Structures are given as structure tokens and as C-alpha cells.
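Only one structure is covered here, and it is reproduced in the block below.
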Amino acid sequence: MRRFGILSIVLCSLGFTLSTTQAIEITSQDVILTPVKAEISPVIDGVIEKSAWKDIFINEDLITFQPRYGETFPLKTDIFMTYDDENVYFAFYCHDSEPEKIKTSITNRDNMFDDDFVAVSFDALGNSQRAYLFCVNPSGIQGDILDTGGNGNDASSDWVWESAGKIDDNGYQIEIRVPLSSIQYSVSPDKPMRMAFVRKIHRLNTMGSWPEMKPSDNLLTMQAPILIKNLKSVKKIEVLPNVTYNNSSEQTGYNSFDNNALKDIGGDIKLSLNSSVTLDATVNPDFSQVEADAFQVDVNRRYPVFYSEKRPYFMEINSLFNVAGNGNGNVMRTAVHTRRIADPKWSTKVSGTQGKTLFGILVAEDAWSDPDAATLGNPHFLIARGKHSLGDGSYIGGIYTGRDTQSDYNHVAGVDGVYRFRDVHQLDFSVLQSLTRVANKEAINGGNSSSINYQYSTKPLSISTTFENMTDDFRMDTAFYNRTGITHVGTYISPKLYPKIERLSWIERISTSASLNYFKEHRNNAEDMNLNLGINLNFTRNSWFRLSSSRNREEWEGKEFLMTRGHVGGGMQPLKWLNYNGWYNYGKSIYYSDDPFLGNSLDYGAFIKFEPGEKFKQTVSFNHSEMTNPSGGEMMYDVNIVNTRSTYQFNKYFFLRGIYQCNTENNRQLVDLLASFTLIPGTVVQLGYGTLMEEGRWDDNEWRNDIKNLQVLKQSLFFKTSYRYVF
């Protein structure tokens, strides 16, 4: 079966090579803009000098898309653009008659999205498959996102680019320099790139764009064609060696410790094969800077908790692997969840574009194997993905995933696609087929999964319907899904109102919603059903309020349960430096056990963000979850979880961060301290300390949590440095 995996990657590579190089079609309504080449390259200092920046490139009003669509943006924005042989430059003059109310901060990269900011959505390949999103707040702090439209956004990618910002008496100015060597781009003289420009005013909770974004659009589907003439292909090699020292200690018994001092050397290499294809490889990858997962309520759950990928090497390509129709509300959350590769020894990936086809291939060896499984050898992963653009955000795609050991394997292949038509309609589908051999068993099991989704989106109304079917024997070792052997049918409708009455001017939007979901298990014909009704109000000053009620029917362990639950939540930013929200859920829930019953459950929580200055940020979240048995009043569980984060950013390069987490479910507390200096992405020096404590005691080398005695079970001190060499 390994030959099947090798054959698949050969066929994928051949398909990418033979794919057409035809440019995305330009409609008669599109006007292709052409920026003027710079006579003097701009100095990126946050001051728009007339000598470098000539005429305004975009002098039209932005059009709002949040919280209302189609209105003139309340403040004027001048947008500039130019380029030279090695860089593309952008500048924004954001007029504001109340500059003292502009919200900004000096913070770590990608943590500036709660400020005022501007953004450039830059589809440098011009194929409407993905775009670089360069975001900058008034202090010049960067946020960068890889936007793949309907397949989601990825904020993990950190490209090397330059930005600066400055507030003045009339608003603020932003300058941006994007080196061509940092991105994949088209050099075709007749293939325009595509771009869009965005501005957010935080205090008004208002976002606007040029061109206009309609309710059925996203940043990829509404971009304007822009032709940059006479660009040349820029090739480069990046080498990123890293050195890590990690001294860890874990208590394994009474006065018994497992100490481990590890000096690790690893590295990454990135090679630009041409302007649109990049090869990456890593040996002994360093993930020491990845912080611990935030504590979550993990009690009385029917399905496992989902933890998102946080390792940059995998996150850079994860959005490409998303399959149409997957998401939080569906049976399959994602077809490729790279956390399944727990401890990679090495990995190689290639990604890029050939004409209208976007592709990516990932190969990795995992040093971790399940000790409870009868497998031999380290697992090897192979993931190949291709998406062929049909224009206007539509595509047809294919995917292959394989996980092999010496004794078992799992191979999955499938197709998916998105078709947008008449501006307001979208159809998504996916079909996956799996072949699996389990260790110590001769039989080869085959299964399939399929889904189809329809969406209708206009300003006053949103509608969606979903159908999913997953057979009993379907298995996908790279995916995250709740269960197999299931059929799911769902529908959702949401009418919206935008009050224009003067006395109700503080209400921005009123959204009502109704959803109905039906699930049927194939094995036992069990049927579950969920009906949810809700109303959501959006007010001025970043305020919101939600009220909803649900009626659920669920079968578990041969019993049928009927449940009613209510939810209320809201949030506000009353001051520039203070934001808070909270929620309260109550009603009946199943206590999942061999003898299940319907209990009285209660969940509530709050989140507070405190920013007394531009450099300091404090966040605190609290979650409470409890259930009682109505027959005798017995408390089945009573869990409190606190997650806090304190950050002081001295400048855009250096910060100190402290994390404290507490979970009363297992009486655990975690402290994580970090000092980090980042000159540019990849050139980093970090010093960190972490400790995990738990209430309990050792009794004959067996841990018991029957007393309130806090002990350190694990602690670790690490130092890491890496340097990015560019040739």
C-alpha cells in the first residue's frame, strides 16, 4: 500500500505540472489599475513624503462591511502604492478629527487586531486562491495573515516585511514595504495581481474596504486587478539554524525525580524554486517557544476537546489542507489536523502555484507512536493537496492523506469544491474514500465520507443547509471528527435588520437566527435532534448582547433524553483601555456514564482585557461548570478554570510575558514565564520557565489527590536562539 501513496504524490505532481498557466479572467467591469514605479524608494518611517509618494493611488471613499454593509465609510482614507525592482510599497493617510481617540498599542506581532488598523489584501499570484494580508496599527505593529477565502485564515505565518506608523493632529500615517523575496508572486506581464484595502475604526466598531465587500463576498472574491509591470523572478535560500537548551524535571514518585538536560541543534531551510513555488525542510524542528494549551473544561464530554495547532512550521501550510464543507458545526471539523504528527523527527513540504492550480505536499516522520497500539516502527505521514481555480472564489480540488507504519496504514483520497454563482449563492462539496489496515489483522477496511453545503448571503438574509454522511468503516488518521457511522442534515436561517430610526441610532444591527440539526447513527439507529432560536444585538461602542434557547433530543446508552437550555451573553468596550464580556448557560444536560441521567447543569464565565497603557496588556478569563443530580441533589462535578496572561512590550522587538492557569477539576496550576527578543521572524532569542503544580501527595510512589497540598510535578527552564540567513 505504500506504493499507492507514492503513486498518488507522483500523479499529483504531474497534474500540477500539466495544469494550465492561463490567467484569471478579467470581466468587462474590472478596471486594471497600474501603479507608477518609484523614482525614489520610500523610507519607511511613518511619514508620507511627497518626494517618494506621488499621486494618491486610491482616492475613493471606502465602503463599510461591518457592522453594516454598503455605507460610506465615516472617515476619509488616502491610499498610496508604488514599487521598485525588489519591493512593493503601500501607504495610508487615515484622517481622523479626534486623534486622541485612536486606539493603538505597542504589542507583539499579530496581537494588534483589537486596535485601529489598516490592511492590504494582496493576491500576488492573481489566481483568487489565496492572499497575503498585511495589517498595521497606528504604532506600526504588524499582523500578517494568509487568507485562503472559504478555507479559512492562518495568522501563524510571519513574513519579513517593514512597516511604520505615526499619529498626528489629523489622524495617522502608515507606510509598508513588502520585499518580493518574502512572497510568492506572478511575473507574467499579462496576469494582474489582485488587491483590496481595509481600514478599521475601533471605537466605532466599523470596518470598510475598497473595493466594496458585499455580504456574499470575502477579501479574495472582491479584490481589484492591479498590474505591476516588468517584475522579475527573485530566487532566494533561507537557512534557519536553532540551538535550544532545555533543563526539565518531573516528579515520578516520593523523592523520585526524572531529570533531563537536553542540548538540541536543529534547523530549517527554505528554497524559492521560482517566484511562485517554495520548498521547506526541517530536521529536529524546534517547538520550544510554543506555549501550553489553555486549560479547558474536560469533564462529562461526549467528544474529545479540540486543541488548535500552534507550531509555526505546520501552521504555515495548514489552511491549504482545509477541505470544503468542514467546520465547527459539522461532524468533521478538519480533514488535516497536524497535531496528529505529535513529535516530528523531520519533515519536508513544498507549496506554490502553477497557473491556476494551488498545491501543497507535506511529508513527515513522527518519533511518537501509541504505546497501546500493536504497531511497529515510527509513523510516516504524506499529505498532498491541489486546488484549481474556477474564478470568483470557486475551485475544484483534490486531497490525499496517508499514515503508514511497518504494521498498519491508513490512506484517504478525495475531491472537494466550491462553486459561487449569481453573487449570493455558494455550493460546497467533498467526497473522501479511505482504505485502512489495522495491525495484526489481515482485512482491509474501506469507508467513505461525503458532504454538501449550500449558502445564500445577502445584507438582510443568510441561509445555509448541510448534508453529511460518514460510513461506519471510514477512518482518516490525519483528521479531527467526532464520530463515524453518522448522517447529519442541518439548516440555518438568519434575517437581519439595520435600524435607521434616530432614537434607535445606538443599535447597529439586529440579527435573529433559527437552526435545526438532525443526526442518525447507522449502528444502532439512534437519532439526535437540535433546535436553536436566538437573537443577537450589535450596539455602538463595540457592545453586543445575545439571547438564545435550544431544545435537544439525544440518545445515549439506549436511553432517550429531552433537554431545554438557555443562553444569555453580552460584551462591551466602555473605555479605550477596558473590554469585557460574559455568558450564562443553564438547563438540562446528560451525565454521560454507563447509567446516564438528565442533570441540572450550569455554565458561566467572563473575559476581561485591561490595557492601561500602550505597552501593557492584561487578560483574565474565568469559566465555571457544574452539574447536580436532581434525584438526590448530589453534585456530580463543580469545575472552575482561570486563565490569565500578562504582557509588557518594551518595544516591537522585546517583551516579557507571564501566564497563570488554574483548573479545579484536577487541582492543577500552571505558570509559564517568557522573555523574548525578535529582530525579524526567525532571528530570535528566548528564555523561558514553566512549572506544573497539583494538589495531592505521594503514597508508596502512587499519586493521590485527596489532600490540599500543592506540589510541583513538572518544571522546565529553556533557552533558545535562532538566526535567519538569507542568500
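The values are calculated or read from the model by the stated rules, or taken from the named source; none is laboratory data. Just so we're clear, the structure is a prediction, and the values are computed from it rather than from any experiment. All Cβ positions, even for glycine, are placed from backbone atoms using ideal geometry, and neighbour counts span all protein chains on display. The protein model used for the area step is the full one, side chains on, heavy atoms only, and it has no ligands, DNA or RNA in it. Shrake-Rupley method; radii C 1.70, N 1.55, O 1.52, S 1.80 Å.
Below, the figures for the structure above:
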| read-out | value |
| --- | --- |
| Three-way shape call for the range 43-177 based on the alpha-carbon gyration tensor, with the a/c threshold at 1.5 | rounded |
| Listed residue (335, 377, 669) projecting farthest to the positive dipole end of the chain, Cβ model | 335 |
| Computed label-point distance, nm, for sites residue 673 and residue 50 using a 7 Å Cα→Cβ extension | 5.4 nm |
| Extension gain from residue 524 to residue 726, taking 0.36 nm per residue of separation minus the Cα-Cα distance | 66.8 nm |
| Of the GluC sites (Glu not before Pro) in the range 573-648, those whose Cβ has at most 11 other Cβ within 10 Å and which sit in DSSP loop | 634 |
| Listed candidates (i) 33.0; (ii) 37.3; (iii) 41.8 - label of the one calculated as mean projected area of the Cα convex hull in nm² | (i) |
| Flagged links, alpha-carbon separation over 27 Å, of 200/720; 387/496; 200/496; 101/496; 236/356; 345/387 | 200/720; 387/496; 101/496; 345/387 |
| Hypothetical label at residue 698: residues of the range 250-288 whose amide nitrogen lies under 14 Å (7 Å Cα-Cβ projection) | 250-259 |
| Heavy-atom accessible area per residue - the chain, 1.4 Å, Å² | 46 Å² |
| Förster-model FRET efficiency, 60 Å R0, residue 274 and residue 606, C-beta, rounded to 0.05 | 0.70 |
| Cα pair distances of the range 366-446 binned at 5 Å [whole percent] | 3, 13, 19, 15, 14, 10, 9, 7, 6, 3, 1 |
| Neighbour cut-off at most 10 other Cβ (10 Å), DSSP loop, trypsin sites (Lys or Arg not before Pro), the range 390-450 | 422 |
| Set of aspartates and glutamates with alpha-carbon distance to residue 229 below 16 Å, sequence-local pairs under 8 removed | 39, 84, 85, 86, 123, 190 |
| Protection-proxy order for peptides 656-663, 454-461, each taking the mean of Cβ atoms within 10 Å per residue, highest first | 656-663, 454-461 |
| Segment residue 687-residue 710, extension gain: residue separation times 0.36 nm, minus the distance between their alpha carbons | 5.7 nm |
| Separation of the residue 343 and residue 545 label points, Cα + 7 Å toward Cβ, nm | 5.3 nm |
| The range 612-677 - charge dipole about Cα centre, Lys and Arg +1 at Cβ, Asp and Glu -1, debye rounded to 20 | 580 debye |
| Approximate spin-label separation residue 187-residue 406, in nm, with each point projected 7 Å along Cα-to-Cβ | 4.7 nm |
| Estimated FRET transfer efficiency when R0 is 56 angstrom, pair residue 378-residue 646 (beta carbons, to 0.05) | 0.90 |
| Charge context of residue 238, other residues only, Cβ under 10 angstrom, K/R +1, D/E -1 | +1 |
| FRET efficiency, residue 247 to residue 638 (Cβ-Cβ, R0 45 Å, nearest 0.05) | 0.75 |
| Anisotropy class of the range 220-274 from Cα gyration tensor, a/c 1.5 cut | oblate |
| Surrounding net charge for residue 100, when Lys and Arg each add one and Asp and Glu each subtract one, Cβ distance under 14 Å | -2 |
| Rounded percent of accessible protein surface that carbon and sulfur make up, the chain, 1.4 Å probe | 54 percent |
| Over the chain, relative contact order from alpha-carbon pairs under 8 Å, at least 6 apart, % | 10 percent |
| Beta bridge orientation in the range 26-127: antiparallel %, DSSP, nearest 5 | 90 percent |
| Per DSSP, loop GluC sites (Glu not before Pro) in the range 643-727 with at most 12 further Cβ within 10 Å | none |
| Linear extension gain, residue 501 paired with residue 594, 0.36 nm per residue minus alpha-carbon span | 27.9 nm |
| Sorted peptide list for 551-562, 478-489, criterion being average Cβ within 10 angstrom, highest first | 478-489, 551-562 |
| Total formal charge among the other residues, if their Cβ is under 15 angstrom from that of residue 566, Lys/Arg +1 and Asp/Glu -1 | +3 |
